[in-house]
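K.L.:
If you scroll down you'll find the structure; I have some questions about it.
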Amino acid sequence: MPVWAFPHHFSGNAHVYFMNKIVTLSLSMLCCFGTSCRLEAQSLLPKPQNAAFQKGAFSTAKPFAVINEAGDMARNLYTAPLIENKSADGKGRAAVFRKSDTAKGREAYRLRVTADSIIVEAAAAEGFLRAGQTLGQLAATASKSSAAPSYPCCTITDAAAFEWRGIMLDVSRHFFPIEFLKKQIDVMARYKLNRLHLHLTDAAGWRMEIKRYPRLTGLGAWRTDASWKKWWNGDRGYVEEGQPGANGGYYTQAQLRELVGYAAERGVTIVPEIEMPAHSEEALTAYPEYSCTHEPYKQADFCPGNAGVYDFLENVLLEVMDVFPSKDIHVGGDEAGKASWGNCPLCQRKMREEGLKDVNQLQASLIRHFEQFLESHGRHLIGWDEIIEDNLQKNTNVMVWRNVDESKKAIAAGNRVILSPGKFCYLDSYQDAPPTQPEAIGGYLPLEHVYAFNPLEYFNAEELKSVRGVQGNLWTEYVPTPEHAEYMLYPRMLAIAEIGWNGTKAKDFDDFRRRALAESELLRGKGVNAFDLKGEIGERPERDHTVKHNALHAKVTYNAPYGKPYPAGGETALTDGLQGGWTYGDGRWQGFIGKEGLDVTIDLGKTRTVSSVAATFMQVCGAEIYFPASFSVAVSADGKAFKEIYLSENTVEKTDKPGFRTEQFKGRGEKARYVRVKALPGAFGGWLFTDEIIVK
Ligand code: ACM
Ligand code: ZN
């Protein structure tokens, strides 16, 4: 049993008086959330395609009959013995489950609730399941003294916009117990999310028992530090299972099989990911013979020139397929360094034999091998979008994480795609003002930005047919505990659920946020550690208004250039009045790299009295962005002879949290036309970022 169970089964089983017998309904998804239930009909999340609500409600406190015309298909709604007799013993009141064809897909359903009836129609078990999930959200207790829920009168016609609505959990960087996964599946089911992608292998730990290769978990699942950050910045060592100082864990095949069943009952498919050819330090320390150099602790990439590697990975995948019935099997394929392949005799020989012109083609050859292998077992390969370069076959799925536009290439080549672009779907980014949040990988991705993702903006109608759906990814380098994982997942996952189920034709963030807030409160009340959306601070306030000052739109001369990747507004960025938000990538922050740091001269256009010169700097140590070690201001009447009027020096210190610091000269007033501002990096080097030089 999960430590925490979302009430999958009808929490207060309705006793239905029928033919003088008490029939216990297990309207499994008609779940109610105790006293926190709402009757607010418009609060469904994800929003149904069509819904109309009327006055009144169907109360289960009064007798009603259950008439199941859909048989086993409706088992999620009703698991009591079939009731053939449609007599009036329900006193004219009934819940009716009926098979009805629809062109809208297996998950489509229709639901009609009146004071005397609930009619659920669907063409497949999946549709009845989704209808039950909607009823679960509609359920409200009539009164505190009664456990019997009631359902508001309504007509709902609903179907999934996208077939794939997923969450990726990285259980390698930090290992989470199986009970935690069940809890997330319960939450996913409430929001009609239907794929749980488990990132089961990576340098930080191999998490699935493989019977044929016990050292994958015997060594590869255990590391020298519980904290990924400490481990990654430390020795990156592995420890034998059961030895002192071994941190980590893995799932047994029996546990995973049970998890698969648990998820299936709730309409969730578990999609396993086994990384290849890269991100495999743990496997290649446990089995060094499968890297090019055979050295433990040295290699991240399998040797694609070694025939034994194919046997090894095939044997692993055979066990994976035996445990996971998912049609789609993820093999990673991202971020291969390929460094050892150029000097490896086996790799070189394979390249010669197959006429491969570079190491990229060698990766392509490996991916093609496993495409064929999986197809020969009736499965389809999924890989991260690097595999677009790999001459894919038709049934291959590309999981997009970098640039959505790039995925058009895959679609044009006949492949299907699943969208999880970092810009919208990487839930390891900060969800609120970074200085107030636990350390995250960087960036700023509040609920509103996730919700803003709109696949329709990228694809035409024809291309959209090849978009299977959307997925939120939670990488866990900076997510050390299950509680923290929930904090990062919710409520942002709800935006993925809404986009995936409802589509994006009727986007309305205010309406969505209202529903997400109610759901966040409900989740928090049920012991899910969702981020407290009602306390959200939001974007850095400076970003929202233009700052007026004496150097606004003044000409800026760069004595040292700004860094090309972070131009912000280019030559006008520092005097355009536009200040930056919480993240350096938002197009407002200008970056400077190199020992000259920031060095600019501002022409005020005429001689003015300068009494303040200020610039704000950002520090995000994980991204090698630091505060300056010195900040100086000099003034000049002619732009040639400068007089330094201010110098501040600081020791740069690393911090876990991003920070902002304003450097400022303040004086009684200096007459000048030119102002030269310099900021120099400290001992760590790295980037300096500033958004505006404010002269008053
Ligand atoms: C990825 O983020 N490397 C898929
Ligand atoms: Zn090799």
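Here, each number is a calculation from the coordinates, and none is a lab measurement. The model shown is predicted, which means the values in this text are computed figures rather than measured ones. FYI the Cβ positions are ideal-geometry reconstructions off the backbone, even for glycines, and counts take in every protein chain you see.
K.L.:
Kindly flag which residue pairs out of Lys507/Lys564; Lys606/Lys678; Lys423/Lys507; Lys505/Lys526; Lys104/Lys465; Lys555/Lys671 have an alpha-carbon separation exceeding 24 Å in this structure.
P.N.:
Those over the limit are Lys507/Lys564; Lys505/Lys526.
K.L.:
Right, here's the next one. Sort all Cα-Cα distances of the stretch 144-258 into consecutive 5 angstrom bins from zero, then give the percent of pairs in each bin up to the one containing the longest distance.
P.N.:
2, 10, 16, 17, 13, 11, 9, 6, 5, 5, 5, 2, 0
K.L.:
Report the net charge of residues surrounding Val677, where surrounding means a beta-carbon distance below 12 angstrom and charges are Lys +1, Arg +1, Asp -1, Glu -1.
P.N.:
Local charge sum for Val677: -2.
K.L.:
Could you sort the peptides 665-678, 163-176 by per-residue average Cβ neighbour count (10 Å cutoff), highest mean leading?
P.N.:
In descending order of packing, they fall as 163-176, 665-678.
K.L.:
Along the charge dipole of the stretch 560-696, which of Ser611, Ala683, Phe660 sits closest to the positive end, that is, farthest toward it, with unit charges on the beta carbon of Lys, Arg, Asp and Glu (+1, +1, -1, -1)?
P.N.:
Working it through, the farthest residue towards the positive pole turns out to be Ser611.
K.L.:
Could the peptides 104-115, 340-351 be put in order, highest first, of the mean number of other beta-carbon atoms found within 10 Å of their residues?
P.N.:
Going by the mean number of other Cβ atoms within 10 Å, highest first, we get 104-115, 340-351.
K.L.:
Enumerate the aspartates and glutamates that Lys548 could reach by cross-link, defined here as Cα to Cα under 12 Å, with residues fewer than 8 away along the same chain left out.
P.N.:
The qualifying aspartates and glutamates are Asp576, Glu692.
K.L.:
Moving on. Mind listing the Cα extents of the stretch 313-458 along all three principal axes, in Å, largest one first?
P.N.:
Sorted from largest, the Cα extents of the stretch 313-458 read 55, 35, 33 Å.
K.L.:
Going by C-beta contacts inside 10 Å, put Phe531, Phe373, Phe684 in order with the fewest on the left.
P.N.:
With the fewest neighbours first, Phe531, Phe373, Phe684 line up as Phe684, Phe373, Phe531.
K.L.:
To the nearest 20 debye, what charge dipole does the stretch 574-696 have about its Cα centre, counting +1 at the Cβ of each Lys and Arg and -1 at the Cβ of each Asp and Glu?
P.N.:
560
K.L.:
For the charge dipole of the chain, defined by +1 on Lys and Arg C-beta atoms and -1 on Asp and Glu C-beta atoms about the Cα centroid, which residue among Ser117, Leu445, Trp384 has the Cα displaced farthest towards the positive pole?
P.N.:
Positive-most Cα among the choices belongs to Ser117.
K.L.:
For Lys654, go through the aspartates and glutamates and keep the ones whose alpha-carbon is under 19 Å away, minus same-chain ones fewer than eight residues off.
P.N.:
Glu439, Glu477, Glu624, Glu663
K.L.:
Tell me the net charge near Tyr458. Cut-off is 9 Å between Cβ atoms, Tyr458 excluded, with +1 for each Lys or Arg and -1 for each Asp or Glu.
P.N.:
-2
K.L.:
To the nearest 500 deg cm²/dmol, what mean residue ellipticity at 222 nm is calculated for the chain from DSSP H runs of n ≥ 4 alone, each contributing -39,500 (n - 2.57), summed and divided by the residues?
P.N.:
Calculated from helices alone, the mean residue ellipticity at 222 nm is -6500 deg cm²/dmol.
K.L.:
Using +1 on the beta carbon of Lys and Arg, -1 on that of Asp and Glu, and nothing else charged, what's the dipole of the chain about the Cα centre, debye to 20?
P.N.:
Dipole size: approximately 1980 debye.
K.L.:
Using 5 Å bins from zero, what percent of all Cα-Cα pairs in the stretch 93-142 falls into each bin?
P.N.:
Per 5 Å bin, starting at 0, the Cα pair percentages come out as 6, 22, 29, 24, 12, 5, 1, 0.
K.L.:
While we're looking at this one, here's another question. Could you tell me which residue out of Ala263, Thr157, Leu317 lies farthest along the dipole of the chain toward its positive end? Charges go on the beta carbon: Lys and Arg +1, Asp and Glu -1, centred on the Cα centre.
P.N.:
After comparing all options, I get Thr157.
K.L.:
Need one word for the chain: rounded, prolate or oblate. Basis is the Cα gyration tensor (sqrt eigenvalues a ≥ b ≥ c); a/c below 1.5 gives rounded, then a/b vs b/c decides.
P.N.:
Because a/c hits 1.5 or more and a/b fails to exceed b/c, the chain counts as oblate.
K.L.:
Which aspartates and glutamates does Lys640 reach when only Cα atoms under 14 Å apart count, and residues fewer than 8 places away in its own chain are ignored?
P.N.:
In chain and number order, the partners are Asp603.
K.L.:
Quick one: net charge around Glu295, please, counting Lys, Arg +1 and Asp, Glu -1 for every other residue with C-beta under 13 Å from its C-beta.
P.N.:
Every neighbour counted, the sum reads -2.
K.L.:
Out of residues 5 or more away from Phe97 or on other chains, whose amide H comes under 5 Å of its own, with H placed 1.01 Å from N in the peptide plane?
P.N.:
It is Ile67, Asn68, Glu69, Ala70, Val120, by chain and number.
K.L.:
Further, regarding this structure: Give the peptides 533-542, 639-648 in descending order of average Cβ contacts within 10 Å, highest first.
P.N.:
Going from most to least packed, we get 533-542, 639-648.
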